[in-house]
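The values are calculated or read from the model by the stated rules, or taken from the named source; none is laboratory data. Computed from a predicted model, the values in this text were never measured in an experiment. Cβ sites come from the backbone with ideal geometry, for glycine too, and all protein chains shown count toward neighbours. The area values use the complete protein model at the heavy-atom level, side chains included, leaving out ligands, DNA and RNA. Shrake-Rupley method; radii C 1.70, N 1.55, O 1.52, S 1.80 Å.
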Amino acid sequence: MAARDLQERIKKLIVDRRLPSGAPLPTEPELMEYLGASRNSVREALKALQAMGIVEIRHGFGTYVGPMSLAPMIEGLAFRTVAGHYRGEDSLLQLLELREAVETGLVSRLAGRIPESDLIELDALVNRMEQQAAQGGAGLADTDRAFHATLYRGLDNVLLGEVLEAFWDAFHRVQTDLGGAPQDPKITCRQHRDILDAVRSDDSVRAEEAIREHFGNIRARLSTTHPQDPHMRHNERV
């Protein structure tokens, strides 16, 4: 039986038995009998599924349903973007455009619909960003990330939150690897204040424009980013 077929049958077993993350899978001999496959074939299939986060192999304890996180997606996005960048492709811009398309499409739905408790939290985050900007920008990226996560939390879509986190992780890991001109922290703060003011005032058009301006500024900075020697250490200079 082909390795791919074994993987699909193990995934079907998880779905059919409605096994949650952390639930134990049948033992290796049980899987061999159930799948009609050799020990080596079953182990190879499980290793492949572990790489995808679908199962977790705990040596000495057994195999369990994995966290099924988007970590493999993040790794794939980050690697594809870096590799494409070094081939001269606009892969970092493409990744940015993907995230921009998602956020632009969502923000207009949020205008006037964000709970007051979330608005208070968003206001506190922007205030923190302004304090961090005044102190040179240390910690600003983490607060920026928290702002976007809180902004879309009201849509109550867990998968959406995970996808946005995946885009964020991949983009910022790649951006850190590739370098580029840093954004003026004061501009970052103003743009996030504009986004917050727009969604608070139930102005969906203005909210969408604020998001586009935010990403447009990032896009402009990316135009200054050029491939470096991938064998260089990140702290070396040319």
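Note on TYR64/ARG221: beta-carbon distance plugged into 1/(1 + (r/R0)^6) with R0 of 45 Å gives a FRET efficiency of 0.55. Of the residues LEU164, LEU25, LEU93, the one that moves most in a GNM of the chain with alpha-carbon contacts below 10 Å is LEU25. Along its first, second and third principal axes, ordered by size, the chain spans 62, 50, 29 Å in Cα coordinates.
At the residue level, GLU103 shows approximately 0 square angstrom of accessible surface with a 1.4 angstrom probe and all protein chains present.
Note on ALA146 and GLU75: with the Förster distance fixed at 30 Å, the Cβ-Cβ geometry gives a FRET efficiency of about 0.85. Pop the C-beta distance of ALA23 and LEU155 into the FRET formula with R0 = 25 Å and round what comes out to the nearest 0.05. Given R0 = 25 Å and the Cβ-Cβ separation, E is 0.30. The angle separating the long axis of helix 3-16 from the principal Cα axis of greatest extent in the chain is about 80 degrees.
Computed with a 1.4 Å probe over protein heavy atoms only, the accessible area of MET129 comes to about 0 Å².
The distance between label points at MET52 and ASN40 comes to 2.3 nm (points 7 Å beyond Cα on the Cα→Cβ vector).
Annotation: amide H of ASP203 within the under-5 Å range of GLY112, sequence separation 5 or more or interchain, hydrogens built in the peptide plane. The convex hull built on the alpha-carbon positions of the range 1-59 has an orientation-averaged projected area of 3.7 nm². Angle of helix 158-178 to the longest C-alpha principal axis of the chain, folded into 0 to 90 degrees and rounded to 10: 70°. Of the listed residues TYR64, TYR86, TYR152, TYR34, the order by accessible area with a 1.4 Å probe, largest first, is TYR34, TYR86, TYR64, TYR152.
Can you pull the percent of the chain's accessible area that's carbon plus sulfur, 1.4 Å probe, other chains left in place?
Accessible surface attributable to carbon and sulfur in the chain totals 52 percent.
What is the log10 of I(q)/I(0) for the range 1-127, computed with the Debye formula using one identical point scatterer on each Cα and no solvent, at q = 0.11, 0.12, 0.14 Å⁻¹? Calculated log10 I(q)/I(0) at the listed q: -0.65, -0.72, -0.82.
Under the convention that each Lys and Arg Cβ holds +1 and each Asp and Glu Cβ holds -1, the size of the dipole of the range 1-91 around its Cα centre is about 100 debye. Comparing MET129, LEU93, THR143 along the charge dipole axis of the range 69-196, the residue lying farthest to the positive side is LEU93, per the Cβ-charge model. Solvent-accessible surface (1.4 Å probe) assigned to VAL55 amounts to roughly 0 Å².
Specify the angular offset, from 0 to 90 degrees and rounded to the nearest 10, of the alpha carbon long axis of helix 39-51 from the longest principal axis of the alpha carbons in the chain. Computed tilt is about 10 degrees. Highest mobility in the GNM of the chain, judged by mean-square fluctuation with C-alpha springs under 10 Å and restricted to ASN217, ASN40, ASN157, is found for ASN40.
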